[in-house]
């Protein structure tokens with residue numbers, strides 16, 4: 001392959017895509033190769049290469065909502081250009097006062113390869129995440145747009161870390177790379193899949209600068225948490241912002257002229273997954289005490305994960321022939337796992353007894369509860385490794401769009417189910433992505449729902465209180 005030029009915050013370099021016999025001129029890629037040699041992933045010659053009538057919550061009538069929410073007689077959050085409810089339920093959203101623009105002139109016809117797919121683009125200037133369902137006949141894929149990280153919006157590098165980005169490869173970059181562990185960022189995988197994932201990640205990162213930058217970014221985000229109270233350390237949080245920004249920028253540039261095909265679908269999938277984990281950490285670090293604020297961030301996170309699911313479905317035949325084969329086959333069986341325990345039978349009984357839920361909505365809530373039970377089963381079986389943390393990451397993808405529609409409307413039934421996911425998070429608080437966010441989220445939901453819905457939350461709150469009492473005794 002030939003040279004591919006790209007701009008990074010520490011200068012402009014010419015990157016030579018690596019092969020088993022080729023050379024590599026980019027210092028960060030050389031650093032990846034060095035780590036792979038040290039970990040035995042490469043030979044040296046290849047290294048460069050989820051009957052009671054419940055009270056309904058009252059609300060003020062929305063007079064400025066979108067046409068779709070008015071037609072469905074639901075309260076619109078009035079977000080523009082597309083409201084949250086329509087975003088989650090994947091409906092067309094428009095407002096009465098909006099003028100429909102004339103369609104643009106058709107672009108000139110261009111001949112494309114028969115095996116190519118629409119291009120992917122990522123925008124770093126918006127605070128919403130949007131990735132629509134795609135198919136080969138739909139044209140360009142909508143933008144993936146990560147929200148601005150909490151510490152600082154996307155833009156000019158901060159003075160405190162600017163000097164870290166001007167050198168070719170410095171001590172901090174090497175620290176970020178060498179401290180990166182695939183297991184730390186994918187703890188839900190079976191233990192024997194970690195080597196497979198590590199090899200696939202670093203093989204791909206050596207040829208995908210946007211993926212390499214996101215590896216460094218999430219490594220910095222983890223160190224920012226682990227070393228938060230350590231004096232004399234680099235400003236990891238700010239560095240994570242800059243590296244993530246750069247990763248998105250390079251991805252945008254790449255996607256603007258390269259279609260999403262079988263040759264780059266692995267890099268896109270890995271990049272979106274790591275970016276999603278990064279957004280999860282940022283989401284859980286928000287402590288405003290306002291459930292609406294948290295829910296907005298959660299919807300952004302879920303929307304990105306829909307995009308990951310879309311890429312997986314569209315390019316499944318190629319992914320199962322790649323280095324990701326074992327992981328893709330493992331993940332495909334998650335939704336088929338039947339619930340075994342009975343911890344959430346009371347919650348399901350309450351949902352079945354709610355008479356004002358439509359049948360489809362009730363079924364979506366029951367399904368969400370079943371997936372939560374699968375997650376609890378994996379935590380309570382005593383198996384230390386096997387699928388222990390999987391529903392921390394996969395529940396938001398597995399649930400039906402109808403449930404997410406109810407959650408976006410803040411239907412109390414859906415919010416109460418969501419509180420049980422918070423309990424699952426608390427059970428996985430040893431995972432660095434999660435920390436103490438489960439307990440925080442569960443209490444915030446209890447305050448938001450109020451006393452009239454307290455019996456829906458009796459069990460998770462009791463489990464939380466008992467668990468924290470145990471922690472104090474052990475401490």
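Since every read-out is calculated from the coordinates, none of them should be taken as a lab result. Please read these numbers as outputs of a predicted model, since none were measured by experiment. Counting neighbours? That spans all protein chains shown, and the Cβs are built from the backbone with ideal geometry, glycine included.
Out of (1) surrounded by fewer than 14 Cβ atoms within 10 Å (Cβ to Cβ); (2) farther than 27 Å from residue 431 by Cα; (3) touching a helix residue (DSSP H, G or I) at 6+ places or on another chain (Cβ under 7 Å), what's the single condition that is false for residue 340?
The single condition residue 340 does not satisfy is (2).
Suppose we filter the stretch 270-293 for residues that are farther than 24 Å from residue 236 by Cα and part of a helix (DSSP H, G or I); how many remain?
3
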